[in-house]
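Just so it is clear, none of the values below were taken in a lab; they were calculated from the coordinates. From a predicted model like this one, the values you see are computed outputs, not experimental measurements. Ideal geometry is used to build each Cβ from the backbone, glycine not excepted, and the neighbour counts take in all protein chains shown.
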Amino acid sequence: MTFNLSYIKCLINAEIIGNISDLSAELSCSNITSHSKEVNESTLFVAIKGTKVDGHVFLGDVCKKTKMVVVENEKAVPTSYDGIAFKVPSSKKALALLCHHFYSPEVEKMVFYGVTGTNGKTSTTYIIESLLNYLNVKVGVLGTNNHRLGAKVWESQLTTPGPIKLHKRLNEMQEADAHSIAMEVSSHALDQGRVDGLLFDVAIFTNLTLDHLDYHENLEDYFLAKRKLFSQRLRKNAVSVVNGDDSHSHKIIPSEGKRYSFGLKEHNDFVFKIEYQSFAGCQVELLHQNKSYKFLSPLVGLHNVYNVVGSLVALWSQGYLITDILDAIKNLPVIPGRLESVLNSFGINVFVDYAHTDDALKQVLQVLGKIKKNIGLGSKVITVFGCGGDRDKTKRPLMFKAASENSDVVIITSDNPRTEEPYSIINDILTDNKEDKETIFIEEDRETAIKMAVKMCKDNDILLIAGKGHEDYQIIGQKKYPFSDHKIVKEALSGL
């Protein structure tokens with residue numbers, strides 16, 4: 001690929017440092033990278049100031065290999081360097097814009113659905129994908145679980161990938177004739193400029209609760225990062241779809257297009273109420289513009305009804321008929337690791353869920369408690385959970401509070417301890433909480449904890465294994481080891 005100096009200068013708002021007499025010159029470039037080990041003589045290297053490593057420290061070696069670099073600090077460029085240095089206000093923004101220009105210049109042809117919020121991002125993208133597929137629309141998905149387009153599935157390392165992987169993947173999907181993209185957009189990605197260069201047709205806000213305060217300074221900083229999807233990343237005539245029941249929703253004022261709200265409260269544009277729910281799903285009434293619609297969602301729980309209705313509004317905003325969308329909702333599949341039922345012949349109601357915040361855990365447990373009451377089960381709710389290491393510590397005691405107040409028995413265990421000692425994490429979970437020897441149990445080994453919970457279960461009991469959901473690994477130290485809650489609980493059930 002080639003690039004025009006003058007165009008790139010304008011694209012990334014750069015000052016060109018070097019002896020350049022002709023800004024109309026075309027330079028050849030084989031790849032763009034922010035990793036010094038990937039540099040060759042035709043690489044455009046972008047020096048990123050990361051949270052742990054500053055790419056500018058590698059410029060001494062990089063500038064020996066390539067004649068094209070992008071920097072924020074021109075003083076880090078060796079004085080002997082005889083190539084071109086683009087000095088920019090933000091290397092992160094420059095990287096995103098360059099990747100869009102080189103790797104996915106045609107993606108504007110696709111319809112982009114961006115989903116942000118603390119909880120519900122993955123579920124919402126799955127729902128949008130399922131609804132569009134039912135309506136014969138080819139859709140690509142980028143999210144926490146994986147990236148996928150039809151039968152093609154790629155592994156995912158981050159909720160929202162970095163600019164290089166993001167734009168290469170979008171280009172693959174566009175070349176495979178994807179009509180639409182459903183994409184999780186994390187606060188980290190918005191804060192770090194990973195999606196700069198992309199504009200969305202539909203932006204969806206699911207909710208905001210306490211999370212990621214190991215990265216963001218406070219809850220307001222976390223919210224402001226998410227709000228950038230609506231203030232900076234919308235196409236002209238875009239649509240914003242907002243959970244109007246969330247206390248932060250009134251602060252979301254889109255920079256472009258129309259705004260629609262949804263929720264239980266009457267002030268919303270789309271108002272829903274759950275008429276009945278069981279382990280098989282929810283019967284829902286939806287009110288919009290003085291019209292009533294009723295539908296059955298196979299996805300269990302209030303939180304999932306929010307996700308379903310938000311997805312419905314998103315598709316409706318793009319011209320799809322509500323009646324067609326309601327037909328599609330009846331056929332929604334189970335979402336991997338999101339209140340996923342583990343079938344068994346022992347009369348035990350077993351669920352695996354990704355809930356890893358106090359609000360998500362509370363919501364899931366309250367759903368299970370309400371269903372238990374609705375269908376008259378005189379059974380126990382047993383919860384297995386832990387908290388991730390090297391992550392936000394403030395939510396640890398809050399997760400215990402959510403679990404203990406909504407469960408009959410709680411087993412505290414490990415959940416990706418990473419470089420922290422598991423018992424140190426457990427001590428944080430139990431901060432200011434007295435351990436009840438009869439209802440609160442500690443078992444550091446997650447496999448043992450799950451098997452212990454299964455042995456406690458009797459007919460009609462409800463077992464929730466929370467925190468890891470779809471994940472098929474456990475991170476201990478800095479290594480990933482194979483581990484699946486779903487697999488372990490099935491093995492434990494088979495041993496009964």
Revision key, fill the gap. The stretch 340-494, convex hull of Cα, quarter of hull surface, nm² -> 8.3 nm²
Check your understanding: Which of the aspartates and glutamates could a cross-linker span from residue 251 if the Cα-Cα distance has to be under 17 Å and same-chain partners fewer than 8 positions apart are dropped?
Key -> 220, 221, 269
**Study point:** 5 angstrom amide H check on residue 146, placed H, neighbours 5+ away
**Key:** none
Review point. Relative to the longest principal axis of the chain, what angle (0 to 90°, nearest 10) does the C-alpha long axis of helix 91-103 take?
Key: 90 degrees
**Study point:** Neighbourhood charge, 13 Å Cβ-Cβ cut-off, centred on residue 38 and excluding it, Lys, Arg +1 and Asp, Glu -1
**Key:** +1
Check your understanding: Out of the DSSP beta bridges found with both residues in the stretch 2-92, what percent are antiparallel (nearest 5)?
Key -> 40 percent
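Compare the peptides 183-192, 277-286 by average per-residue count of other Cβ atoms within 10 angstrom and give them in order, highest first.
My ranking of the peptides, most packed first, is 183-192, 277-286.
Set the bar at 32 Å for Cα to Cα. Now go through 9/64; 168/451; 226/437; 165/291; 370/479 and name every pair that lies beyond it. List each step's numbers first, then the result.
Values: 9/64 23 Å; 168/451 42 Å; 226/437 41 Å; 165/291 44 Å; 370/479 39 Å.
Pairs exceeding the cut-off: 168/451; 226/437; 165/291; 370/479.
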Revision key, fill the gap. As a percent rounded to 5, the proportion of antiparallel DSSP bridges among beta bridges in the chain is 40 percent
Study note, to complete from the structure: Sparse-neighbourhood loop hits (GluC sites (Glu not before Pro), the stretch 419-480; DSSP loop; Cβ within 10 Å at most 15 others) -> 435, 438
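Could you give the size of the charge dipole of the stretch 32-73 about its Cα centre, using +1 on the Cβ of each K and R and -1 on the Cβ of each D and E, expressed in debye and rounded to the nearest 20?
Around 40 debye, computed over the stretch 32-73.
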Review point. If only Cα atoms are counted, what is the Rg of the stretch 17-69, and what is its Dmax, in Å?
Key: 12.0, 38
Review point. Which of the trypsin sites (Lys or Arg not before Pro) found in the stretch 31-90 are loop residues per DSSP with 15 or fewer other Cβ atoms within 10 Å of their Cβ?
Key: 52
Point to revise | For the stretch 247-367, radius of gyration divided by Kirkwood radius, i.e. Rg to Rh on alpha-carbons | key: 0.99
Check your understanding: Which whole-angstrom value gives the distance between the alpha carbon centres of the stretch 282-334 and the stretch 360-425?
Key -> 29 Å
Study note, to complete from the structure: Counting only DSSP loop positions in the stretch 394-496, the trypsin sites (Lys or Arg not before Pro) whose Cβ has at most 14 other Cβ atoms within 10 Å are 434, 437, 458
**Study point:** Unit charges on C-beta of K, R, D, E only; dipole of the stretch 104-329, Debye
**Key:** 320 debye
Review point. What number, rounded to the nearest 500 deg cm²/dmol, is the helix-based mean residue ellipticity at 222 nm of the chain, given -39500 (n - 2.57) per DSSP H run of at least four residues and division by all its residues?
Key: -9000 deg cm²/dmol
Point to revise | In degrees, nearest ten, helix 302-316 long axis to first principal axis of the chain (Cα) | key: 50 degrees
Check your understanding: Computed from these coordinates, which is semi-axes √(5λ) of the Cα gyration tensor in Å: (1) 43, 28, 19; (2) 56, 28, 18; (3) 43, 32, 23?
Key -> (1)
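Count the net charge of all other residues whose Cβ sits under 14 Å from the Cβ of residue 488, scoring Lys and Arg as +1 and Asp and Glu as -1. Kindly include the intermediate steps, with their values, before the conclusion.
Numbers: positive: 446, 451, 455, 468, 487, 490; negative: 340, 415, 443, 445, 447, 471, 472, 485, 491.
Its environment carries a net charge of -3.
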**Study point:** Degrees separating the helix 219-232 axis from the principal Cα axis of the chain, which is the longest one
**Key:** 60 degrees
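Please give me the summed charge of the neighbours of residue 237: other residues whose Cβ is under 10 Å from its Cβ, Lys and Arg +1, Asp and Glu -1.
Residues near residue 237 contribute +1 overall.
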